[in-house]
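A.B. asks: Let me give you the structure first, and then I'll get to my questions.
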Amino acid sequence: MTPWTNLKNDVNTENSLTETNYRSIVEHAIEGIFQTTPDGHYLLANPALASIYGYASVEELKGNVKEIARQLYVDPARRTEFIRLMKEHDAVWGFESPIYRKDGSVIWISENVRVIRDDADKVLYYEGTVEDITQRKRTEEELRRAKTAAEEASRSKSQFLANMSHELRTPLNAIIGYSELLREEAGDLGQESFVSDLGKIQKAGKHLLELINGVLDIAKIEAGKMEIHLEAFDVAAMLSDVAATVSPVVEKKGNRFEVSAPASLGIMQTDLTKVRQCLFNLLGNAGKFTHEGLIRLEGERITENGVDWLLFRVRDSGVGMTPAQVAKVFEAFTQADASTTRKYGGTGLGLAITKEFSRMIGGDTLVESVLGRGSVFTLRIPAELSAKASQPSPTVTNTQPSVEEITLTSDQPLVLLIDDDVTIHDLIRRFLHKEGFRTVCAQSGMEGIDLARKLQPSIIVLDVMMPTMDGWSVLTRLKGDPEVANIPVVMLTMVDNKEMGFSLGVDDYMLKPIERSGFVSVLRKYCTPQGAPVVLVVEDDAVTRELMRSTLEKEEFIVVDACSGVEGLQKLITTKPAVILLDLMMPEMDGFQFAREVRSRPEWQDIPILVMTAKDITSEDRARLDGHVSRILQKGACSREELLAEISARITRATRITLTEPVTIS
Amino acid sequence: MKKLLLVEDNEMNRDMLSRRLARRGYEIIIATDGEQGISEAKQQSPDLIIMDMSLPIIDGWEATRQLKQCAETKGIPVLALTAHAMAGERDRALEAGCDDYDTKPVDFTRLLGKIENLIPVSPP
């Protein structure tokens, strides 16, 4: 017996007022409601359905449409597909098709329908709802176009930047070169005022060159076009060389410059150019913000879990930063604040580039700072970057062991993290395990796409700036692959380009550094359907609500609560729980009415409701709840274990037979 | 006086670099494309060739390859100059047979250092 038929029995036998109510719901519903026969004509239709299809009345619709397959569906095969799905699953949800309206115009509809059978299991009719989704389809089409446009724009941007690289440097070459030349000649001729002015042109030219180089580096990193070149080199020699190059800059403002580069630092194999540039940036930065102070460059070699690391520290006794400034210091185009640029100059890109470069070669850049006392920047680089790690792994097989060593139960949601930065992997893995997620990490876009196909994770967390294939390209591939297109993707990145993300089909967008609780709640939003079951607790008493929450959360349920029936209904709109725990006596809308409202909506009909009440249930109460709730439990009399057992039983049943679960009453 | 062959198609860069190098006491020969660069190298036997890589007719990589295969010119050091400040470009230049590499815009002091490194000290 289905809830629907059960309700109808109630209507017939008990309460004719209820029948009026139901008729009113059908008559006034915004969605189209219908019953049709397998051979394609209407048994029942409501005014909304007639209106969606462009008919003046239900009678006109029923009178005109005698063969749904040919008359309504633009593609008659949709009806065949519909009947096939009905045979297989007894129901369809979100079945989307283009439909002809009466006037011949085409609209898109979405149908939620199930089959009604007689005792002999013979199909009697189909019944369900129709929603006009034309507007949504139009929006989707616009998004698709926006996506294509964005991809095209991204391609032209890369090409543009490649050309810029050459086109901008060529005239600058002349500006810098001629000003230097003229300066030398003016010096020879004793034209001192020219010497100083030409010096200014030359300096401005060099500054412009730095800016251009910085912007191009950032653009290349973003476009995933920054390459890594491995070479082995002596660390101490590299440090002395760097120190010799930057000492004029660092010592300019009356600063003392000290270097500690013992020969014991040994050899490292990584991208020399990038390490050097990171150190230039950090030292140049220290020089810029320190006046008559001390700047130290220190190298140290350490071993951690059998891996050798080189730590390069740049200490200064300069102006330092507030914690808020520290939080933003690695963001591109951001100096500590805008006035800094005026006072100290610089591009504001050096530290962002340093951070990205160090991450590309498997390391990181960290900062500690005290306002007025100075800053310490630490560049942490693995001594040996293997050629394999710097390139995308071609197949999944060799990364298979990393696919979760942790013994978590397989019904916990699986999060696929695609980020080239292994320190991020570790950080996210650790805190997500505490939150009950399983994680699997990919270091490159290709690896990520392969893992997504293979493991079908609940959600994908994607970085933008990655070598070889950047996050945007990964995203485009994921969304273009039917096997994985429906897996939600959350961007986690330091690149603030939400518009691009959403136009490419991202479900959510978060900025680094990671804010944990926000991150987890976003993941929960997308993971709950496949992951831990959600229990909606509708209870006006705060103490009881909290008690329920802690009890349920201990058992790995996700709890959504509401303090009244009205709030409960609102929560249902965004979250479909596996079970509802319902108190009866509440202000605004009581449990009786709440249960009725829930059952009146087809999409909520299958959610089991467990009533938890301190009220003595009368037979009248029982009658009011009949058909609406799964079970009535007495507060106090029902133990924690009983409650959990009841919930678990509902969840397994609900997942096994979603739509046709008989609603019984104890 | 040391003789430098500057192969560069951009007129401003050529003019500027040649004047600055001349001020430092070098004799400068000019070529404006790869082909001309090869023939000047053969005729003039310079002490060093400064070779732009993006050149018309024969590009700098190919010109260097040919110079390094020819018995008359293979002993002349070639210093590559390119606008692409990328590690990969350096590898490409060295692969073609260039003896060193520098990027444009030119850091003149650094370029002078590289030139001095490449020109063998002549016997007194």
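A.B. asks: Could you state the orientation-averaged shadow area of the convex hull built on the Cα atoms of chain A, in nm² to one decimal?
C.D. replies: 39.3 nm²
A.B. asks: In terms of the Cα gyration tensor, with a ≥ b ≥ c the square roots of its eigenvalues, is segment A:542-605 rounded because a/c is under 1.5, prolate because a/b exceeds b/c, or oblate?
C.D. replies: Details: a/c = 2.25, a/b = 1.33, b/c = 1.70.
Since a/c reaches 1.5 but b/c is at least a/b, the shape of segment A:542-605 is classed as oblate.
A.B. asks: Here's another thing I want to ask about it. If you take every DSSP beta bridge fully contained in the protein assembly as shown, what fraction is antiparallel? Give it as a percent rounded to 5.
C.D. replies: Bridges in the protein assembly as shown are about 50 percent antiparallel.
A.B. asks: Over the protein assembly as shown, average the accessible area per residue using a 1.4 Å probe and give it in Å², no decimals.
C.D. replies: The answer is 47 Å² per residue.
A.B. asks: Follow-up. Any idea of the total accessible area buried by the A-B contact, 1.4 Å probe, rounded to 100 Å²? Can you show the working numbers first?
C.D. replies: Numbers: alone 32600 and 6710 Å², together 37380 Å².
Answer for the A-B pair: about 1900 Å² buried.
A.B. asks: Which of the trypsin sites (Lys or Arg not before Pro) found in segment A:118-215 are in a DSSP loop and have at most 12 neighbouring Cβ atoms, other than their own, within 10 Å?
C.D. replies: Answer in residue order: A:LYS122.
A.B. asks: Karplus couplings for segment A:637-650 from phi (6.51 cos²θ - 1.76 cosθ + 1.60, θ = phi - 60°), rounded to Hz, Gly and Pro as x?
C.D. replies: For segment A:637-650, the Karplus-derived couplings read 7, 9, 6, 4, 5, 4, 4, 5, 5, 4, 5, 4, 4, 5 Hz, x marking Gly and Pro.
A.B. asks: Would you work out if segment A:202-302 is rounded, prolate or oblate? Take a ≥ b ≥ c from the square roots of the eigenvalues of the alpha-carbon gyration tensor; rounded if a/c is under 1.5, else prolate when a/b is larger than b/c, oblate otherwise.
C.D. replies: oblate
A.B. asks: How large a share of the accessible area of the protein assembly as shown, in percent, is made up of carbon and sulfur atoms when the probe is 1.4 Å and the other protein chains stay in place? List each step's numbers first, then the result.
C.D. replies: Values: 19820 of 37380 Å².
That fraction is 53 percent.
A.B. asks: Shifting gears a bit: Tell me, which residues of segment A:184-212 get at least 50 Å² less accessible area when the other protein chains come in, versus the chain alone (1.4 Å probe)?
C.D. replies: A:GLU184
A.B. asks: Given the -39500 (n - 2.57) contribution per DSSP H run of 4+ residues, what per-residue ellipticity at 222 nm results for chain A, rounded to the nearest 500 deg cm²/dmol?
C.D. replies: Helices in chain A give a 222 nm mean residue ellipticity of -14500 deg cm²/dmol.
A.B. asks: Let me know the mean shielding of B:7-14 by other chains, meaning the per-residue number of their Cβ atoms within 10 Å of its Cβ. Please report the intermediate quantities before stating the final value.
C.D. replies: On the way: counts 0, 0, 0, 4, 1, 7, 4, 0.
Per residue, the average neighbour count from other chains is 2.
A.B. asks: Then there's this: Only Cα pairs under 8 Å and at least 6 apart count here; give the relative contact order of chain A as a rounded whole percent.
C.D. replies: That works out to 8 percent.
A.B. asks: A further question follows. Rounded to the nearest Å, what's the spacing between the alpha carbon centres of segment A:495-573 and segment A:21-41? Just the number, please.
C.D. replies: Each part reduced to its Cα centre gives a spacing of 34 Å.
A.B. asks: Going by Cα centres, segment B:37-55 and segment A:578-651 are how many Å apart?
C.D. replies: 91 Å
A.B. asks: With each run of n ≥ 4 DSSP H residues scored as -39500 (n - 2.57), what mean residue ellipticity at 222 nm is computed for chain B after dividing by its residue count and rounding to the nearest 500 deg cm²/dmol?
C.D. replies: Helix contribution divided over all residues of chain B: -13000 deg cm²/dmol.
A.B. asks: With unit charges on the beta carbons (Lys and Arg positive, Asp and Glu negative) and the dipole taken about the Cα centre of chain A, which residue among A:HIS628, A:GLY374, A:GLY287 sits farthest to the positive side?
C.D. replies: With unit charges placed on the Cβ atoms, the residue in question is A:GLY287.
A.B. asks: Express the relative contact order of chain B as a whole percentage, based on alpha carbon pairs under 8 Å and six or more residues apart in sequence.
C.D. replies: Answer for chain B is 21 percent.
A.B. asks: Is chain B best put as rounded, prolate or oblate by its Cα gyration tensor, with a ≥ b ≥ c the root eigenvalues, rounded for a/c under 1.5, and otherwise prolate when a/b is larger than b/c, oblate when not?
C.D. replies: Note, shape of chain B comes out rounded.
A.B. asks: Now a separate question. Of B:THR103, A:SER550, A:ALA149, which is farthest on the positive side of the dipole of the protein assembly as shown, counting Cα position, with +1 on Lys and Arg Cβ, -1 on Asp and Glu Cβ, and the Cα centre as origin?
C.D. replies: Ranked along the dipole, the leading option is B:THR103.
A.B. asks: With charges set only on the Cβ (+1 for Lys and Arg, -1 for Asp and Glu), what does the dipole of chain A come to about its Cα centre, in debye to the nearest 20? Walk me through the intermediate numbers first.
C.D. replies: On the way: 77 positive and 98 negative charges, 150 e Å.
My answer is approximately 720 debye.
A.B. asks: Can you check what the net charge comes to around A:GLY40, using other residues whose Cβ is under 13 Å from the Cβ of A:GLY40 (Lys, Arg +1; Asp, Glu -1)?
C.D. replies: +3
A.B. asks: Starting at the first residue of segment A:50-58, write each ³J(HN,Hα) from the Karplus equation 6.51 cos²θ - 1.76 cosθ + 1.60 with θ = phi - 60°, in whole Hz, x for Gly and Pro.
C.D. replies: Once θ is set to phi - 60°, the couplings for segment A:50-58 become 4, 5, 4, 7, x, 9, 6, 8, 4 Hz.
The values are calculated or read from the model by the stated rules, or taken from the named source; none is laboratory data. Quantities reported herein were computed from a predicted structural model and do not represent experimental measurements. Here Cβ is always computed from backbone atoms with ideal geometry, including for glycine, and neighbour counts include all displayed protein chains. To get the accessible areas, we keep the full protein, side chains included, count just its heavy atoms, and leave off ligands, DNA and RNA. Shrake-Rupley method; radii C 1.70, N 1.55, O 1.52, S 1.80 Å.
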